[in-house]
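J.: Sending over a structure as structure tokens; questions will come in a sec.
The values are calculated or read from the model by the stated rules, or taken from the named source; none is laboratory data. All values derive from a computational prediction rather than experimental measurement. Here Cβ is always computed from backbone atoms with ideal geometry, including for glycine, and neighbour counts include all displayed protein chains.
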Amino acid sequence: MAPLIPTAKYGGRPRTTDIREVVNAIFYVLRGGCQWRLLPKEFPPYQTVYHYFWTWRRAGVWERMHDSLRGDVREAAGRTREPRAGSSDSQTVQTTETGGGGAMTAASASVGASATSSSLSSGCSSS
């Protein structure tokens, strides 16, 4: 993962924070679901961790890490690094039983119908 983490900016102040600890702190927050402010004291300050998280998110670092790890796992399983095709089974794609036009109440359906018909009739009479 180290090659995927951006290096310090050229000409800037030297980095004093251990990036491995930043990554560990980000994983701690994401895994545990705690607030950034509740990071244990053994991690870098939460402001620093939060800053790196959002900077890397905007730069696409997390997506590149995910893609790299997915490729490694696929190769370890004896498959190609990138998937060639996707499929969906109609048994696994569920839709809601209710909804759509049938779920509207009679009052809202009649209001919608009268608004539509009146706008159509007024549009036709002016021609």
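J.: For Arg15, all conditions in the list (1) charged (D, E, K, R); (2) in a helix (DSSP H, G or I); (3) surrounded by 10 or more Cβ atoms within 10 Å (Cβ to Cβ) hold save one; what is the number of the exception?
T.: (2)
J.: Moving on. Keeping to region 37-47, report how many residues are in a helix (DSSP H, G or I) and surrounded by 14 or more Cβ atoms within 10 Å (Cβ to Cβ). Give the derivation first.
T.: Let us first name the residues in region 37-47 that are in a helix (DSSP H, G or I), namely 37-38, 46-47.
Subsequent filtering for residues that are surrounded by 14 or more Cβ atoms within 10 Å (Cβ to Cβ) retains 46.
Counting residues in region 37-47 that are in a helix (DSSP H, G or I) and surrounded by 14 or more Cβ atoms within 10 Å (Cβ to Cβ) gives 1.
J.: Sticking with this structure for a sec: Which one of the conditions (1) outside any helix (DSSP H, G or I); (2) within 21 Å of the chain's Cα centre (by Cα) does Lys9 fail to meet, given that it meets all the rest?
T.: Exception for Lys9: condition (2).
J.: Against the conditions (1) exposed (fewer than 14 other Cβ atoms within 10 Å of the Cβ); (2) modelled with pLDDT under 95, where does Val23 fall short? Just the number, please.
T.: (1)
J.: Out of Pro40, Pro44, I need the residue that is of a type outside the set (Asp, Glu), farther than 20 Å from Ala2 by Cβ and without any contact (Cβ under 8 Å) to a residue 60 or more places away in the chain. Which one?
T.: Details: Pro44 fails: farther than 20 Å from Ala2 by Cβ.
Within the list Pro40, Pro44, the selection yields Pro40.
J.: Now for a different question. List the residue pairs whose Cβ atoms are under 9 Å apart, where the first residue sits in region 5-22 and is farther than 17 Å from Arg58 by Cα, the second is aliphatic (A, V, I, L, M) and modelled with pLDDT under 85, and the two are 6 or more positions apart or on different chains.
T.: Between residues of region 5-22 that are farther than 17 Å from Arg58 by Cα and residues that are aliphatic (A, V, I, L, M) and modelled with pLDDT under 85, the close pairs are Pro14/Ala8; Arg15/Ala8; Ile19/Ala2; Ile19/Ile5; Arg20/Ala2.
J.: What are the residues in region 48-65 that are on the phi < 0 side of the Ramachandran plot, of a type outside the set (Lys, Arg) and either surrounded by fewer than 11 Cβ atoms within 10 Å (Cβ to Cβ) or not in a helix (DSSP H, G or I) (or both), if any?
T.: Pass one, region 48-65, residues on the phi < 0 side of the Ramachandran plot: 48-59, 61-65.
Checking which are of a type outside the set (Lys, Arg) leaves us with 48-56, 59, 61-63, 65.
If the condition is that a residue be on the phi < 0 side of the Ramachandran plot, of a type outside the set (Lys, Arg) and either surrounded by fewer than 11 Cβ atoms within 10 Å (Cβ to Cβ) or not in a helix (DSSP H, G or I) (or both), then Trp54 is the only one that fits.
J.: Okay, next question. Taking Thr92 and the conditions (1) modelled with pLDDT of 65 or more; (2) exposed (fewer than 12 other Cβ atoms within 10 Å of the Cβ), which numbered condition does it fall short on, given that it satisfies the others?
T.: (1)
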